[in-house]
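Contents: one structure, followed by commentary.
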Amino acid sequence: MMVEELDSRKKRILQAIIQEHIISASPIGSRTLAKKYNLDVSPATIRNEMADLEDLGYLEQPHTSAGRIPSDKGYRYYVDQLVSREQNQEPGVIENIENLYQDLQDVQDIISGMAKMLSNMTHYTAMVSEPKSQISRLKKVEIMQLANNSLLLVLVTDAGMVNNRIINLDQNLLAEKISYINNFLSDKLENKLLANLDSNYLKKVEKELMARLDLSVDLFKQFYNEFEGAFEPGAVKVYIGGTSYILEQPEFNDLKKVKKMLKLLDQEEMLNKIINSISGTDLEIKIGQENEVEDIKNCSLVVATYYISNRAVGKIGVIGPTRMEYPRVISSVDVISDILGKLISKASG
């Protein structure tokens, strides 16, 4: 999308139109701009400038109105050239949010809480992905006796993600054997990258353990099936906050559009596709047709990466109409991504 450099008057008029359209969700006319904004030019001059901006592709004119609305290109210029990317939260807001969630120890609770907080701050729908397991290390592995013939496999990553899996056996394991297996697995698996704990490595570990202990082959087969299943690269859960805010947007007052959007947000695979369509590690914004996912080409996406121990591990962002309050959303996503990383790091020790 080619973006021309605009003179200062066109910039002021484009900014005023976008700001007014964000508030009203209606096409904006020259009279409204002349009355509400100190542009120091006549309505006739504003009309001429609006016509020029439309010719350049920054504005569109709906068939039913004399007013103009911003195009995707107009929003792109606004976001890139006219909006500050600096955090501008009220003093004390960050500390208050950190204090509110500082006692949470469960990473899933922290992620869910941050999704709700971000949606409350922006009044749009928020999305947060769990930390990617493949770039995490296994912090703890333990099996515990549940009943005579069943064990609980507990896996904890250094990003604080916990997976519990039940393994059913055809034999009863004595406490001494369980203790020995735990020590052995701890030595072989803990502090290793999950990406390196593939089936080949696990089979080598199995072979060594079988040489030391008289064990049912079935136990280890189940163990590495459950282990691999717990950390599949595509199995990253995406948490949603504030789906009800969709109902407040005039763009979605059509029942079909609302149903389509709510259905989209209920599909785990689609949410993964949407949030991972932002591949970079900086805060990124995709506007309207820039989105790769067909069903959100009338929406904007603001997504940041959150970090744990300087590792980019997950995404957090907001989805809403292209008529989005970008300055507030950008600042909020930036702030909450920082807080999220800090809270998870603290919870996972």
Restrict the check to segment 285-293 and report whether at least one residue is open to solvent by 20 Å² or more (accessible area, probe 1.4 Å) and assigned to a helix (DSSP H, G or I).
-> yes
Any residue in segment 273-284 that is out of contact with any strand residue (DSSP E or B) (no Cβ under 9 Å at 6 or more places or on another chain), open to solvent by 40 Å² or more (accessible area, probe 1.4 Å), of a type in the set (S, T, Y) and outside the structural domain of S71 (by the TED database)?
-> yes
If you go through segment 211-226 one residue at a time, do you hit one that is under 32 Å from the mean Cα position of the chain (by Cα), free of Cβ contacts under 8 Å to residues at least 24 places away in the same chain, in a helix (DSSP H, G or I) and within 27 Å of K342 (Cα to Cα)?
-> no
Yes/no for G160 being on the phi > 0 side of the Ramachandran plot and surrounded by 14 or more Cβ atoms within 10 Å (Cβ to Cβ) | yes
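Hey, does segment 26-40 have a residue that's under 17 Å from E325 (Cα atoms), assigned to a strand (DSSP E or B) and under 38 Å from the mean Cα position of the chain (by Cα)? Give the derivation first.
Of all residues in segment 26-40, those under 17 Å from E325 (Cα atoms) come to 26-28.
If we keep only those that are assigned to a strand (DSSP E or B) as well, we get 28.
Now restrict to residues that are under 38 Å from the mean Cα position of the chain (by Cα): 28.
Yes, segment 26-40 contains at least one residue that is under 17 Å from E325 (Cα atoms), assigned to a strand (DSSP E or B) and under 38 Å from the mean Cα position of the chain (by Cα).
Being more than 16 Å from the chain's Cα centre (by Cα) and touching a residue at least 24 places away in the same chain (Cβ under 8 Å) narrows it down to one residue among K73, K116; which is it? Step through it out loud before you land on a result.
Details: K116 fails: more than 16 Å from the chain's Cα centre (by Cα).
Matching residue, one of K73, K116: K73.
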Within the set of pairs 6+ apart or on separate chains, which have a first residue in segment 4-15 that is surrounded by fewer than 18 Cβ atoms within 10 Å (Cβ to Cβ), a second that is in a loop (DSSP other than H, G, I, E, B), and C-beta atoms under 8 Å apart?
-> E4/L56; R9/L39; R9/V41
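Out of all the residues in segment 242-257, is one or more without any contact (Cβ under 8 Å) to a residue 60 or more places away in the chain, in the same structural domain as L100 (by the TED database) and either among the basic types (K, R) or crowded, with 16+ Cβ neighbours inside 10 Å (or both)? Walk me through how you get there before you give the answer.
Going residue by residue through segment 242-257, those that are without any contact (Cβ under 8 Å) to a residue 60 or more places away in the chain are 244, 247, 253-257.
Narrowing the set further to residues that are in the same structural domain as L100 (by the TED database) leaves 244, 247, 253-257.
Applying the additional criterion that residues be either among the basic types (K, R) or crowded, with 16+ Cβ neighbours inside 10 Å (or both) yields 256-257.
Among the residues of segment 242-257, at least one is without any contact (Cβ under 8 Å) to a residue 60 or more places away in the chain, in the same structural domain as L100 (by the TED database) and either among the basic types (K, R) or crowded, with 16+ Cβ neighbours inside 10 Å (or both), which makes the answer yes.
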Could you tell me whether V41 is surrounded by fewer than 22 Cβ atoms within 10 Å (Cβ to Cβ) and farther than 29 Å from L264 by Cβ?
-> yes
In segment 191-208, is there at least one residue being among the aliphatic types (A, V, I, L, M), open to solvent by 70 Å² or more (accessible area, probe 1.4 Å) and assigned to a helix (DSSP H, G or I)?
-> no
Can you spot a residue in segment 262-270 that is at pLDDT 85 or above, surrounded by 22 or more Cβ atoms within 10 Å (Cβ to Cβ) and not hydroxyl-bearing (S, T, Y)?
-> no
Can you tell me which residue in segment 21-33 is nearest to R328 (Cα to Cα), limited to those that are buried (at least 18 other Cβ atoms within 10 Å of the Cβ) and free of Cβ contacts under 8 Å to residues at least 24 places away in the same chain?
-> L33
Mind checking whether some residue in segment 65-73 is in contact with a helix residue (DSSP H, G or I) (Cβ under 6 Å, 6 or more places away or on another chain) and open to solvent by 50 Å² or more (accessible area, probe 1.4 Å)?
-> no
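The values are calculated or read from the model by the stated rules, or taken from the named source; none is laboratory data. No experiment lies behind these values; they were computed from the predicted model shown. Heads up, the Cβs are rebuilt from the backbone with ideal geometry, glycines too, and the neighbour counts pull from every protein chain shown. When the accessible area is computed, the model is the full protein with side chains, heavy atoms only, and any ligands, DNA or RNA have been set aside. Shrake-Rupley method; radii C 1.70, N 1.55, O 1.52, S 1.80 Å.
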